[in-house]
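Each value in this text was obtained by applying a stated rule to the coordinates, not by laboratory testing. Note that this is a predicted model, so its numbers are computed, not measured. Please note: Cβ atoms are built from the backbone with ideal geometry, for glycine as well, and neighbour counts cover all protein chains shown.
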Amino acid sequence: MSNTSSFQAAAWRRLKKNKGAMFGLIVIILTIFIAVFAYFIAPDPTPNANRIILEIGGAKPGYTKTFALIPKALKPATPNFFQRLINGKPDQYDFIPINQFKLIGNDSVLLYRYIDVAVEDSTMFTTNTTPEQFVKNNIKEKKFLLGTDKYGRDILSRIILGTRVSLGVGLITIVISLTIGLLLGSLAGYYRGKADNIIMWFINIVWSIPTLLLVFAITLALGKGFWQVFVAVGLTMWVNVARTVRGQILAEREKEYVEAARALGFSGYRTIVRHIWPNIMGPVMVIAAANFASAIVIEAGLSFIGIGVQPPQPSWGLMIRDNYNFIITHNPMLALAPGFAIMILVLAFNLLGNGLRDALNVRGKI
């Protein structure tokens, strides 16, 4: 077994002993699964979980209501597996909340439509089948485990869909920050001199600007939207990576294996990528986990103030903004549920980052 394999195996053993880190890893894996199969898990599988039923807006957790499923005049095309995996499945029916129904004759059903508390409206509906078959196939009772927002959309479904935004912004942030940070940090640390002075001057300029202010500026320059906020957050979080990489490479470049690589005539690119990077990935992984958590919080903050993800796409920050007024009224769970989701996912990444830091720090360990 090689030294690298032995180190990785020992690090994994230490990581497994850290209960906090393993809890964080399990939460992250579960969240990834939920994000990938969100439209198959969510009670509302429509695109963006955007089934609006205004009559039941602001319902409390555990709310149950009976619905009449009325076929749409123009039925949307049925998506295949991959289309549904990416974009969901449009409703084939209109969901009409009802209080009760009565069978009328051999081809009609009288629906008492729910409008508001103690307010209803009666509608006669003619079926293409027998009333009994219509009741069996088209009268359904639905339970909203976390309630509904002010538009009558299922909170649980939108939280499930919101995992895609949070994980997406974290992933894009990591890709952008690692790409820029590794490149600039490596150039500054390995070549030193004028390259180091110029890069460090640029890093210090970016470092001096408050992160949220820089995100605002980039977001306003790129415009509001799904991808824009991803890029904006990613372009502000590379500084930590660059400073860490520079410091690590300054230490590594004086070691014997780097001097041997130079003596053999290896190029700077090969020495950095093939020999130095594998030896500094531990600290970089810890920074990446912390940046992932920070990106989730920043995206939620941007969506909360209205310059992040735009409606009707579900975002946890956007859900808090839409429902925070319910905290001091009758249904605080509308805003607390996405807040708890943010807290749990950020905690998971922080616990995993702390566990990686301990597992990859081999000083004083056997």
Taking the chain and counting helices only, DSSP H stretches of n ≥ 4 at -39,500 (n - 2.57) each over all residues, the nearest-500 ellipticity at 222 nm comes to -19000 deg cm²/dmol
Any helix of the chain counts here only if DSSP assigns it H throughout, its Cα atoms span 24 Å or more along the axis, and its mean Kyte-Doolittle hydropathy is at least 1.6, and such helices are 19-36, 155-191
The percentage of Cα-Cα pairs in segment 243-360 separated by more than 22 Å is 55
Out of SER315, SER208, SER294, a Gaussian network model of the chain with alpha-carbon springs under 10 Å gives the largest mean-square fluctuation to SER208
Connecting every pair of Cα atoms under 10 Å apart in the chain and solving the GNM, the largest mean-square fluctuation among GLY353, GLY105, GLY339 falls on GLY105
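Take the cross-link list LYS19/LYS255; LYS16/LYS143; LYS72/LYS143 and give me the ones stretching past 31 Å between alpha-carbons. Before the final figure, lay out each step's value.
Working: LYS19/LYS255 35 Å; LYS16/LYS143 39 Å; LYS72/LYS143 23 Å.
Listed pairs above 31 Å: LYS19/LYS255; LYS16/LYS143.
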The distance between the Cα centres of segment 104-183 and segment 18-95, in whole Å, is 7
When all Cα-Cα pair distances of segment 54-148 are considered, the percent exceeding 23 Å is 36
Dipole check, segment 54-148, charges on Cβ (K,R +1; D,E -1), about Cα centroid: among PRO97, GLY62, VAL109 the Cα furthest to the positive pole belongs to GLY62
Expected sort for 176-187, 47-58 on mean C-beta neighbours within 10 Å, highest first, is 176-187, 47-58
Mean separation of Cα contacts under 8 Å (at least 6 apart) over the residue count of the chain, i.e. the relative contact order in percent, is 21
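Could you sort out which of LYS75/LYS102; LYS75/LYS150; LYS89/LYS224; LYS60/LYS150; LYS60/LYS102; LYS102/LYS136 sit more than 22 Å apart by Cα distance in this structure? Don't skip to the end; give the middle numbers.
Working: LYS75/LYS102 26 Å; LYS75/LYS150 27 Å; LYS89/LYS224 26 Å; LYS60/LYS150 11 Å; LYS60/LYS102 28 Å; LYS102/LYS136 13 Å.
The pairs that break the limit, which is 22 Å between Cα atoms, are LYS75/LYS102; LYS75/LYS150; LYS89/LYS224; LYS60/LYS102.
How big is the charge dipole of the chain about its Cα centre, in debye rounded to the nearest 20, if each Lys and Arg gets +1 on its Cβ and each Asp and Glu gets -1 on its Cβ? Don't skip to the end; give the middle numbers.
On the way: 36 positive and 20 negative charges, 246 e Å.
That gives the chain a dipole magnitude of about 1180 debye.
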